[in-house]
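The values are calculated or read from the model by the stated rules, or taken from the named source; none is laboratory data. These figures come from a predicted structure and were not determined experimentally. All Cβ positions, even for glycine, are placed from backbone atoms using ideal geometry, and neighbour counts span all protein chains on display.
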């Protein structure tokens with residue numbers, strides 16, 4: 001039975017195969033053997049100077065070396081993890097890397113994320129990405145998911161050119177670099193606040209609008225520097241944090257501001273219909289009045305009265321070749337008629353009561 005000196009808790013009842021390191025001449029320091037068993041060949045090289053190896057990698061090698069190259073049970077992996085302060089799944093992962101390349105430098109953790117430096121793409125793919133970011137994207141309206149739309153357009157053009165498209169992460173990094181370059185360019189040549197940063201036409205801020213309040217003026221001060229081009233989610237989130245609203249509200253307010261760049265365009269509208277009577281054409285008004293006063297009282301039982309009203313009015317409007325009113329308009333007219341009828345019936349009852357008392 002093989003009994004390692006440093007890790008006696010990792011042994012099993014059955015003997016395990018011992019790992020024999022490859023001979024190398026790059027080592028500058030010999031490492032003492034971990035076992036005195038004659039089955040394990042002594043070596044003076046663990047190849048620990050290939051890359052920058054710390055004590056962490058050397059400690060992992062001292063634990064993984066006695067485990068051999070055979071199947072590793074969960075119990076032994078758990079004991080090895082306890083010695084290293086890791087989970088047993090991490091032990092399996094490190095052992096797989098160590099067996100593929102039995103040197104300590106193979107256990108050095110890799111840096112997360114993409115490698116430093118520019119990632120080269122094929123010339124055709126590079127031109128497609130550049131055209132989409134510089135020519136196609138600024139001419140598009142507002143996107144709910146701009147990165148997804150950019151990826152779809154790039155993949156479509158790459159399929160047309162019969163080339164392999166870049167990954168979504170690469171497109172995201174290229175777009176971020178493009179936005180950063182644009183921001184740096186705008187910072188070097190900063191236009192006045194009364195000029196649009198995206199379009200050549202002048203858009204003067206109507207900050208002296210009598211109908212606008214301080215709320216609308218504050219929104220204009222935040223939205224105007226954003227320009228007229230595509231707005232990223234991070235920019236919308238930052239603007240929302242400044243104004244205390246959600247980023248979806250920023251997109252909605254900016255859409256209204258781009259259409260009419262004045263502070264009064266941002267005044268919130270009152271929900272529901274506007275105050276006052278909504279005028280209809282004379283023919284439509286006559287049809288609605290006839291249906292409500294003549295057709296509806298002669299109907300006995302309607303399962304869906306508003307639906308039946310709409311169907312009848314639309315049928316008569318189609319015969320008269322006029323545009324029918326909307327369902328909310330018909331609903332409001334019907335409600336007004338019921339209210340007028342209720343008031344009329346109340347007046348009639350009051351008059352009858354007065355007559356009876358007299």
Which members of region 165-181 meet the condition of being free of Cβ contacts under 8 Å to residues at least 40 places away in the same chain and either touching a strand residue (DSSP E or B) at 6+ places or on another chain (Cβ under 8 Å) or not in a helix (DSSP H, G or I) (or both)? 167
Going through 215, 228 one at a time, which residue ends up being at pLDDT below 85 and not in a loop (DSSP other than H, G, I, E, B)? 215
